[in-house]
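K.L.:
I'd like to ask some things about the structure below.
The values are calculated or read from the model by the stated rules, or taken from the named source; none is laboratory data. Values in this document were obtained by computation on a predicted structure and should not be read as measured data. No Cβ is skipped: glycine too gets one built from the backbone with ideal geometry, and neighbour counts run over all protein chains shown.
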Amino acid sequence: MEYNHKDIESRWQRYWRDNETYRSKIDPSKPKFYVLDMFPYPSGAGLHVGHPLGYIASDIYSRFKRQQGFNVLHPMGYDAYGLPAEQYAIQTGQHPEKTTTENIARYRSQLDKIGFSFDWSREIRTCDPEYYKWTQWAFMEMFNHYYDLEADKALPISELEERFAAGGADAVKAACSRELHFSADEWKAMSEKERREVLMNYRIAYQGETMVNWCPALGTVLANDEVSEGVSVRGGHPVEQRLMRQWCLRVSAYAPRLLSDLDELEWSDSLKETQRNWIGRSEGAEMRFPVKDSDIELEIFTTRADTIFGVTFMVLAPESKYVDMLTTPEQAEAVKAYLAEVKHKTERERQIEKRVSGVFTGSYAVNPLTGKEIPVWVSDYVLAGYGTGAIMAVPAHDSRDYAFARRFDLPVIPLIEGADVSEESFDAKEGIMINSAGPELNLNGLTVKEAIATTKRFIEEKGLGKVKVNFRLRDAIFSRQRYWGEPFPVYYKEGIPYLMEESALPLELPEVDSYLPTSDGQPPLGRAKGWTTPEGYPIELCTMPGFAGSSAYYLRYMDPRNDHELVGEEADGYWQDVDLYVGGAEHATGHLIYSRFWNKFLYDLGKVVKKEPFRKLVNQGMIQGRTSFVYRIKDTNTFVSHGLKGDYDTTPIRVDISLVSNDILDCEGFRNWRPDFADAEFLTEADGKYHCGWAVEKMSKSMFNVVNPDDIVERYGADTLRLYEMFLGPLEQSKPWDTNGIDGVNRFLRKFVGLFSRADLAAKDAPMSREESKVVNKLIKKVTQDIENFSFNTSVAAFMIAVNDLSALKSTNAEAIRIITVLLAPFAPHIAEEIWHELGGEGSVTVAAWPEWDEEAIKDDSVKYPVSFNGKARFVVEVPAGTSPKEVEAIALADPAAAKWIEGKEVKKVIVVPGKIVNIVVK
RNA sequence: GGAGAAAUGGUGGAAUGGUAGACACGGGGGACUUAAAAUCCCCUGGCCCUUAUCGGCUGUGUGGGUUCGAGUCCCACUUUCUCUACCA
């Protein structure tokens, strides 16, 4: 048989499509297995070889599980809303839907060529009204629920209203934006508008005045995970802080559950740790400091209650409500000027400058333990959004407080024995306390740990404050001033937001004449004609962010065409949750938090059966580019090979990766590449070839190092691409794409075809020899275990060894070929299918039963084994633990089996592995 | 500043605490061929000894430790990568 990959692959891809081989249906007689890939955003650039890495791994696993008898759900779709399509629309005037549809078509054709076993009948697109109907529905449910802290779950807002009517605000413990206090009578006396304002404080999807990340260049707000180091993740534009009225999701209410439920997930430790840090639980104390000559008490949060005797000043965030309350008339001018200055600085500028700034309010607080008066300052190093927006400053033991104290010449009191605070603060939480004695509390001599506990107990007993757990996780800002996203099913009556009727869903995105904001600064939807309810009330102009559509898509795949529920009870009850989720670690603090939150909310509502959406998660590593360089001798058009460049003064130039093969430059192609290289001269090495240099860089067009999977498929075939991507190295590790070794796996496939061609098909039922059986059973064991461990690179190696071993045995056994074909099916499904049918197999090999290995066949046979083991014999000897190598050697040589082997030969060497194996080398 | 991961030949990488370097690339040599490609066979961590064989020594970033035995476990350090950050 000839290995013609184009013919074989297109034929079997058509067969799978025509026979709906990978279509999955609910089947209670079989155990389910749900394998999911993070769905792609269809960008204009198409797929490069890095994208399919995770898809190939999950496809191998899906096929493997299918062969093991599981009913596998393995769907694919598109995260179709996003900024790039909208930016492109602004530039070209093309509707984002058009470019998105085109990009999706391109992605689909690229994916199809790789031979994935996706169930395309379940495809979803987040921009499809049939899909985003359920995104809007979830928002409405969140609007209609609050988080009850006693029940520790979301409850309907109507219950909250009943409880307000019965007992006022204090009758309910609920997650809220601000602590409110009112009686039942006051509640009953409120107007509808007032009540709605109160309820907004409790809703899980709520509108709030919050400090947001405003990106002027993009004209929209961004969530915390969409901002990194003061610039937008997409585009790298500066981001500033602004107080705006925005839709938010009360993700913070779920922080404790998001944290504790991490324990039961099979995720990598590093990913769990990233989420733990992002959720950021910190245990501390909330304390009140009375303000001198005033009734006001300043509330602060600290994790270092032990340092209370070292507080030499207090600091407020510029946005803190205390600033107005505490600024004295004499300081009013200075404070006002400072606030104006801070407001103009963007987050980025604040971080770059790192300059310590601040202003004195004129007020003094009183340390409740010492009675000492301490000045209250305002500074932008304190964040309004964390804790209470006010801190007690302990310059001796906090580096930020220290910098501030040095800048404004405030006192520094060391509290830990031996800490030298003349140059810098001592931030470590260790040591013995000093200088920490007051009239009622003495911490001197205690360790820091003991002091923290003692102080906490003391302030609780004295009513100075309370022990409090704070979370870093903030509520997610849920509006974007953008066009290409889900519209909110919300309209405004007298400025108050109301939900539309559920029957209005899906609320479809209207047409606009331009995708830019309106002249008066409204979002693009401000341009939509008739964007009102039938009664004429205006509809919300913002749209939802990217994570809205990607938060529950895994549920929709279970029941994608259900038009009366997000997911039906039967489908959810059967498929339950994602057993294996494969995708990039960059979603750790975005999508993977939001999805977990969204799922937990639906769980509270009883809409889904599982607390967590993704049971096991594997992060595939990034594939970087391998950029090739040529070296031009300065001021000439002569290029010198990498090995000779030391002798010349050269400039490295990036060269398109398609002109380079195994680091050898295609000189003719290079001359034709760009006009200014048309008359290039080459100084080659001794072998007459031009060798390129290389470096690992991000894969991108500008580096000329993008490798398109289509090209690999065209040249080597999808099976080679699949095997090679797995052979490249461990799945979770980042690695550069390097085509240098691809010939190796291609050669393996051709060898396997060759082995099959020599097989004796006439004697199909002939049993395998002892040696053949050993090779095959070893392979079954190795591949089965490797797939379970996601160690795909070593299983590819195992296939190569098996085929080489069978070739060496000159095997013509058809049964051996048949088993290897079944094992190979998840990795290289096309060629496996072809050979399976040539062998007379029925149906599709990709659903053929996975073989079991026979441990007996693999066992080492100490009589025969040395023949093929370079003169080494291997024996197992039993010895007590702790036996020295010398003693084991003596026991081994006395062993009857060993003695038989040694008889008449000279013992050259004894390699001892106590309790396990002894290798005896003889001459 | 914090957290996590990693460090093994010319290269990508293998090694349940038990013969380090599987497998592949690259390189060298040979067979076949008029020739090339393809294919097949042999060698390929370093150093030393030897005409060759046979052999010896050394070797998993650095320094310690645990162990009969460490690439693997523990401690410290160095370097690299990733994530994250005025979070009190």
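K.L.:
For segment A:390-403, check the following and say yes or no: at least one residue is more than 16 Å from RNA strand B (Cβ to nearest atom), at pLDDT 85 or above, touching a helix residue (DSSP H, G or I) at 6+ places or on another chain (Cβ under 7 Å) and part of a loop (DSSP other than H, G, I, E, B).
P.N.:
no
K.L.:
Something else: All but one of (1) in contact (Cβ under 8 Å) with a residue 40 or more places away in the chain; (2) surrounded by fewer than 17 Cβ atoms within 10 Å (Cβ to Cβ); (3) at negative phi hold for A:Glu162; state the number of the condition that does not hold.
P.N.:
Answer for A:Glu162: the failing condition is (1).
K.L.:
Is it the case that segment A:244-266 has a residue that's within 20 Å of A:Leu383 (Cβ to Cβ), of a type in the set (A, V, I, L, M, F, W, C) and modelled with pLDDT under 90?
P.N.:
Yes; the residues of segment A:244-266 include at least one that is within 20 Å of A:Leu383 (Cβ to Cβ), of a type in the set (A, V, I, L, M, F, W, C) and modelled with pLDDT under 90.
K.L.:
Being more than 13 Å from RNA strand B (Cβ to nearest atom), small (Gly, Ala, Ser), assigned to a helix (DSSP H, G or I) and surrounded by 21 or more Cβ atoms within 10 Å (Cβ to Cβ): is that true of A:Ala832 here?
P.N.:
Yes: the conditions hold for A:Ala832.
K.L.:
Among the residues in segment A:232-250, are any part of a helix (DSSP H, G or I) and among the polar types (S, T, N, Q)? If you could, list the steps in order and put the result at the bottom.
P.N.:
Step one: list which residues in segment A:232-250 are part of a helix (DSSP H, G or I), which gives none.
Looking through segment A:232-250, none of the residues is part of a helix (DSSP H, G or I) and among the polar types (S, T, N, Q).
K.L.:
Would you confirm, using the coordinates I've provided, whether A:Ser268 is within 15 Å of RNA strand B (Cβ to nearest atom), over 29 Å from A:Asn144 (Cβ atoms), polar (S, T, N, Q) and touching a helix residue (DSSP H, G or I) at 6+ places or on another chain (Cβ under 9 Å)? I'd like the intermediate steps shown before the answer.
P.N.:
On the way: within 15 Å of RNA strand B (Cβ to nearest atom): yes; over 29 Å from A:Asn144 (Cβ atoms): yes; polar (S, T, N, Q): yes; touching a helix residue (DSSP H, G or I) at 6+ places or on another chain (Cβ under 9 Å): yes.
It is true that A:Ser268 is within 15 Å of RNA strand B (Cβ to nearest atom), over 29 Å from A:Asn144 (Cβ atoms), polar (S, T, N, Q) and touching a helix residue (DSSP H, G or I) at 6+ places or on another chain (Cβ under 9 Å).
K.L.:
Out of all the residues in segment A:166-194, which are over 23 Å from A:Glu494 (Cα atoms), more than 44 Å from the chain's Cα centre (by Cα), surrounded by 14 or more Cβ atoms within 10 Å (Cβ to Cβ) and not polar (S, T, N, Q)?
P.N.:
If the condition is that a residue be over 23 Å from A:Glu494 (Cα atoms), more than 44 Å from the chain's Cα centre (by Cα), surrounded by 14 or more Cβ atoms within 10 Å (Cβ to Cβ) and not polar (S, T, N, Q), then A:Ala184 is the only one that fits.
K.L.:
Follow-up. Looking at segment A:162-215, which of its residues are in a strand (DSSP E or B) and either among the acidic types (Asp, Glu) or over 25 Å from A:Glu319 (Cβ atoms) (or both)? Quick ask: steps written out before the conclusion?
P.N.:
So in segment A:162-215, the residues in a strand (DSSP E or B) come out as A:174, A:203, A:205-215.
Across segment A:162-215, the qualifying residue is only A:Glu209.
K.L.:
Restricting to segment A:758-785, count the residues that are surrounded by 14 or more Cβ atoms within 10 Å (Cβ to Cβ), over 32 Å from the mean Cα position of the chain (by Cα) and within 12 Å of RNA strand B (Cβ to nearest atom).
P.N.:
1
K.L.:
Condition test on A:Ser228, is it more than 21 Å from A:Tyr381 (Cβ to Cβ), within 20 Å of the chain's Cα centre (by Cα), within 9 Å of RNA strand B (Cβ to nearest atom) and of a type outside the set (A, V, I, L, M)?
P.N.:
No: the conditions fail for A:Ser228.
K.L.:
Give me a count of the residues in segment A:690-716 that are in a helix (DSSP H, G or I) and either touching a residue at least 24 places away in the same chain (Cβ under 8 Å) or under 28 Å from A:Ser795 (Cβ atoms) (or both).
P.N.:
10
K.L.:
Scan (1) of a type in the set (Gly, Ala, Ser); (2) at pLDDT below 75; (3) within 28 Å of the chain's Cα centre (by Cα) for the single condition A:Ala686 breaks and write down its number.
P.N.:
(3)
K.L.:
Right, something else. Being of a type in the set (A, V, I, L, M, F, W, C) and under 21 Å from A:Val467 (Cα atoms) is the filter; apply it to segment A:259-290 and report the residue that is surrounded by the fewest Cβ atoms within 10 Å (Cβ to Cβ).
P.N.:
Residue satisfying both the conditions and the ranking: A:Leu259.
K.L.:
I need the full set of residues from segment A:835-852 which are assigned to a helix (DSSP H, G or I) and of a type outside the set (Val, Ile, Thr), in order please.
P.N.:
Quick first cut of segment A:835-852, residues assigned to a helix (DSSP H, G or I) only: A:835-838, A:845-847.
Result: A:Trp836, A:His837, A:Glu838.
K.L.:
Here's a follow-up. Can you pull out the residues in segment A:284-326 that are away from RNA strand B (no atom under 16 Å from the Cβ) and polar (S, T, N, Q)?
P.N.:
A:Ser294
K.L.:
Pull up segment A:444-469, narrow it to residues that are farther than 15 Å from A:Gly310 by Cα and among the β-branched types (Val, Ile, Thr), then point me to the one that is surrounded by the most Cβ atoms within 10 Å (Cβ to Cβ).
P.N.:
This residue is A:Ile459.
K.L.:
Looking only at segment A:717-743, count every residue that is in a helix (DSSP H, G or I), within 12 Å of RNA strand B (Cβ to nearest atom) and in contact with a helix residue (DSSP H, G or I) (Cβ under 8 Å, 6 or more places away or on another chain) and tell me the total.
P.N.:
9
K.L.:
In addition: Given the conditions (1) part of a loop (DSSP other than H, G, I, E, B); (2) within 13 Å of RNA strand B (Cβ to nearest atom); (3) of a type in the set (Gly, Ala, Ser), which single one is not true for A:Gly371?
P.N.:
Checking A:Gly371 against (1) part of a loop (DSSP other than H, G, I, E, B); (2) within 13 Å of RNA strand B (Cβ to nearest atom); (3) of a type in the set (Gly, Ala, Ser), the one that fails is (2).
K.L.:
Continuing with this model, one more query. Give the number of residues within segment A:448-470 that are among the charged types (D, E, K, R) and closer than 29 Å to A:Arg257 by Cβ. Outline the logic, then answer.
P.N.:
As a first pass, look at segment A:448-470 and keep what is among the charged types (D, E, K, R): A:449-450, A:456-457, A:460-462, A:466, A:468.
Filter once more, keeping what is closer than 29 Å to A:Arg257 by Cβ: A:449, A:456-457, A:460, A:466, A:468.
The total comes to 6.
K.L.:
Name the single residue, out of those in segment A:786-815 being in contact (Cβ under 8 Å) with a residue 60 or more places away in the chain and more than 10 Å from RNA strand B (Cβ to nearest atom), that is farthest from A:Lys751 (Cα to Cα).
P.N.:
Only one residue tops the list, namely A:Phe790.
K.L.:
For segment A:423-464, which residues satisfy the criterion of being small (Gly, Ala, Ser) and either on the phi > 0 side of the Ramachandran plot or over 43 Å from the mean Cα position of the chain (by Cα) (or both)?
P.N.:
A:Gly431, A:Ser436, A:Ala437, A:Gly438, A:Gly445, A:Gly463
K.L.:
Tell me, yes or no, whether segment A:730-744 has at least one residue that is over 30 Å from A:Gly44 (Cα atoms), crowded, with 21+ Cβ neighbours inside 10 Å and either among the aliphatic types (A, V, I, L, M) or at pLDDT 85 or above (or both).
P.N.:
Checked against the condition, which is being over 30 Å from A:Gly44 (Cα atoms), crowded, with 21+ Cβ neighbours inside 10 Å and either among the aliphatic types (A, V, I, L, M) or at pLDDT 85 or above (or both), segment A:730-744 yields no hits at all.
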